[in-house]
Every structure is written in structure tokens, then in C-alpha cells.
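The structure appears right after this line, and notes come after that.
Derivation of every value follows stated rules applied to the coordinates shown; laboratory data play no part. Being a predicted model, the structure only gives us computed values, none of them experimental. Don't worry about glycine lacking a Cβ; one is built from the backbone with ideal geometry, like all the others, and counts go over all protein chains shown.
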Amino acid sequence: MKLPIHVAIVMDGNGRWARERGKNRIFGHKKGVESVRKIIKHSSNLNIKYLTLFSFSTENWNRPKREVDALMKLFVQLLAKEIPELYKNNVKVIFTGRKTRLSRDLLDKMENAEQVTKHNTGLTLVFAFDYGGRQEIIDTCIEICKKLKSQQLDFLDTEEFSKHLYLPQIPDPDLIIRTSGEFRFSNFLLWEAAYSELYFSDVLWPDYDENEFDKALKNYAERERRFGKVK
Ligand code: IPE
Ligand code: MG
């Protein structure tokens, strides 16, 4: 089966999952962490090279403070707890997004996760945290203006532009999955998604599992990618 090299996921539906059970939204986020664990393990077992998980967007700050605090805490806990297991499974952990608004505690956990796993050669796991696609494009433009001379700007093309993104070493996602039956990008990987294949699942993220993921992979394997050319 033709496997994607890079899979990116918009993990959506935690709040609705909890509400359906008469619980508060945070309960859904906690349950969602179990799906995160499952999908990382499964991707690693399948020898997928890159997995990007949209964990917190630049717009998620606008949620009630209680929910933002809970999401931050869950992420700190995940990083504190899961690193030994990820290390053991040869997973390399990295992050994409802005670092300026995160707590010292979270930044320390992120740095530690990157440091501990940096020599691993299996799955590269990218957490998109305080990530926004538009912000990334702006930050990339700023980088380019700082680094390139104005004569060089005349020759700026998409290839050169890509070299200044947050993670230039990571190939564009081949497959983007969104759960919970929503059909939106919500500001995820806007530049990188130019030729990604899209797959939408109705399953709410806390119910998402290996089987649902396999359905997306099977569907991807059957697609013909032409990148604007003719076959
Ligand atoms: C996704 O679930 C988790 C994050 C954005 C962190 P939501 O919180 O968006 O859940 P719904 O969409 O309200 O059900
Ligand atoms: Mg949502």
C-alpha cells in the first residue's frame, strides 16, 4: 500500500464528545489525549515518517480562560509523562508555532522533549502548538526581509520562500485528516497544504482510533496525485 510520508491531523470534536455525555469540554480534551497516544504509536508502528498534530491554534487563546488553562496543563502533563515512552519507540519530537506566549514551564518541557529525542530516527512527531498558518506566513515574510537583500527579493520564488518557514526540513503533508465532520482548514498549514490530499472523518477525536486512521490511509493509497500536471 502506498503510504503517505507526512500525515497531519486536525484533532477536532473533543468538546462535542464531552457535551454529548453531559460533561464539560475539558473532560473531552482529557479523553482526546488517549487518541493522541494511540495514533502516535500506530503511526510509528506503520513506519510513517512525519506526523503533525494540530494541538492548539493561535485562535484557541480566545476560548474561556478555564479551557485554555486546562489545555496548557494537559500539554505540560503529556510532555512530562510520555517522553520516556516516545524515546523508547525511537520517536523524535519537535514543535511548530509561536513560542512567545507560552509559560516557562511549558517551554522547558518542550525543550526537554526536543533535546531528549533529537537523535531518534523513527517517526518525527510535530506538535503544532500556538500555531496559525497565517501567522507562519507573516513570520516567514519577516524572516525573509531580514535575511535577503532587496536585489535577492526580485528572485524570490516558492522554493526559496519554503526555506524560511517554521520547519523547512519537514516535507509538506501528503495527507491532512480532519475529524468530527467539519470541513475547514481552521488556519492549519495554509502554505504547506497546497497539494495535500484531504480526508474527513465523522468520528469525534476522543473516539478516533487505529481503525479510523487506517481507513484514511487506505483511501489515500487509492488516490492519483497529479500536482497540476496531466497523467
Ligand atoms: C479539538 O476539539 C481540540 C482543540 C482545539 C484543542 P474542540 O475543542 O474544537 O471540540 P469541539 O469542536 O468544540 O467539539
Ligand atoms: Mg472544534
All positions within the stretch 119-142 that are in contact (Cβ under 8 Å) with a residue 24 or more places away in the chain and part of a helix (DSSP H, G or I): G133, R134, Q135, E136, I137, D139, T140
One residue from G181, G228 being within 14 Å of ligand 2 (Cβ to nearest atom), in a loop (DSSP other than H, G, I, E, B) and not β-branched (V, I, T): G181
Of all residues making up the stretch 109-123, the number that are in contact with a helix residue (DSSP H, G or I) (Cβ under 9 Å, 6 or more places away or on another chain) and not small (G, A, S): 7
Residue check for T100: exposed (fewer than 15 other Cβ atoms within 10 Å of the Cβ), of a type in the set (V, I, T) and under 22 Å from S57 (Cα atoms): yes
Filter result (surrounded by fewer than 20 Cβ atoms within 10 Å (Cβ to Cβ), assigned to a helix (DSSP H, G or I) and among the polar types (S, T, N, Q)) within the stretch 18-67: S44, N45, N60, N62
Any chance Q169 is away from ligand 2 (no atom under 16 Å from the Cβ), polar (S, T, N, Q) and not in a loop (DSSP other than H, G, I, E, B): no
Matching residues in the stretch 193-224 - criterion: being of a type outside the set (G, A, S) and touching a strand residue (DSSP E or B) at 6+ places or on another chain (Cβ under 7 Å): E197, L198, Y199, F200, N219, Y220, R223
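Yes/no per residue for (1) without any contact (Cβ under 8 Å) to a residue 60 or more places away in the chain; (2) within 16 Å of ligand 2 (Cβ to nearest atom); (3) in contact with a strand residue (DSSP E or B) (Cβ under 7 Å, 6 or more places away or on another chain):
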| site | (1), (2), (3) |
| --- | --- |
| S35 | no, yes, no |
| K38 | no, no, no |
| S55 | no, yes, yes |
| E67 | yes, yes, no |
| L78 | yes, no, no |
| V93 | yes, no, yes |
| D105 | yes, no, no |
| E114 | yes, no, yes |
| T117 | yes, no, yes |
Pick from the stretch 172-231, criterion among the polar types (S, T, N, Q) and away from ligand 1 (no atom under 16 Å from the Cβ), ranking: surrounded by the fewest Cβ atoms within 10 Å (Cβ to Cβ): N211
Some residue of the stretch 60-67 being of a type in the set (A, V, I, L, M, F, W, C), touching a helix residue (DSSP H, G or I) at 6+ places or on another chain (Cβ under 7 Å) and within 15 Å of ligand 1 (Cβ to nearest atom): yes
